[in-house]
1. All but one of (1) under 13 Å from the mean Cα position of the chain (by Cα); (2) modelled with pLDDT of 95 or more; (3) not polar (S, T, N, Q) hold for Gly53, so report the exception by its number.
2. Are there any pairs, at least 6 apart or on different chains, whose C-beta atoms fall under 8 Å, with the first in region 11-37 and more than 11 Å from Ala60 (Cα to Cα) and the second surrounded by 17 or more Cβ atoms within 10 Å (Cβ to Cβ) and among the polar types (S, T, N, Q), and if so, which?
3. Scan region 13-47 for residues that are among the basic types (Lys, Arg) and exposed (fewer than 15 other Cβ atoms within 10 Å of the Cβ) and jot them down.
4. Please work out if Glu69 is surrounded by 11 or more Cβ atoms within 10 Å (Cβ to Cβ), assigned to a helix (DSSP H, G or I) and at pLDDT 95 or above.
5. Could you list all residues from region 3-42 that are acidic (Asp, Glu) and modelled with pLDDT of 95 or more?
Amino acid sequence: MKVGVVYATPARQSWLTIDVPEGSTVKDAIEKSGILRQFPEIDLEAQKVGIYGKATTLEAVIEDGARIEIYRQITADPKTVRRRPREGAAPANGGAEG
């Protein structure tokens, strides 16, 4: 069966399509894909994985067509990032005085 294994950094992303036998796990597919050689910084013991955006375990059995995702650690609190004005962005009120 065919599955995809994806991983992205801010500078590079990779989507590999591979064939795996029935009954393969998330970990089996990741290891067979070779993505761990492309991105040696991946630590499966520390990083989370998912299938189509839903968190799962390395031991989960995958189905044909699954897209296995390896997630990076969050480096900034998304709530804080949203509150911070973007460089060059207009003020939230559009600069209008109230």
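The values are calculated or read from the model by the stated rules, or taken from the named source; none is laboratory data. These numbers come from a predicted model, not from an experiment. When we count neighbours, we look across all protein chains shown, and the Cβ atoms used for this are built from the backbone with ideal geometry, even at glycine.
1. Going through the list (1) under 13 Å from the mean Cα position of the chain (by Cα); (2) modelled with pLDDT of 95 or more; (3) not polar (S, T, N, Q), Gly53 breaks only (2).
2. Listed pairs, sorted by first residue: Leu16/Ser33; Ile18/Ser33; Lys32/Ser24.
3. In the first step, residues of region 13-47 are kept if they are among the basic types (Lys, Arg); the result is 27, 32, 37.
Within region 13-47, Arg37 is the sole residue that qualifies.
4. Numbers: surrounded by 11 or more Cβ atoms within 10 Å (Cβ to Cβ): yes; assigned to a helix (DSSP H, G or I): no; at pLDDT 95 or above: yes.
In short, no.
5. Asp19, Glu22, Asp28, Glu31
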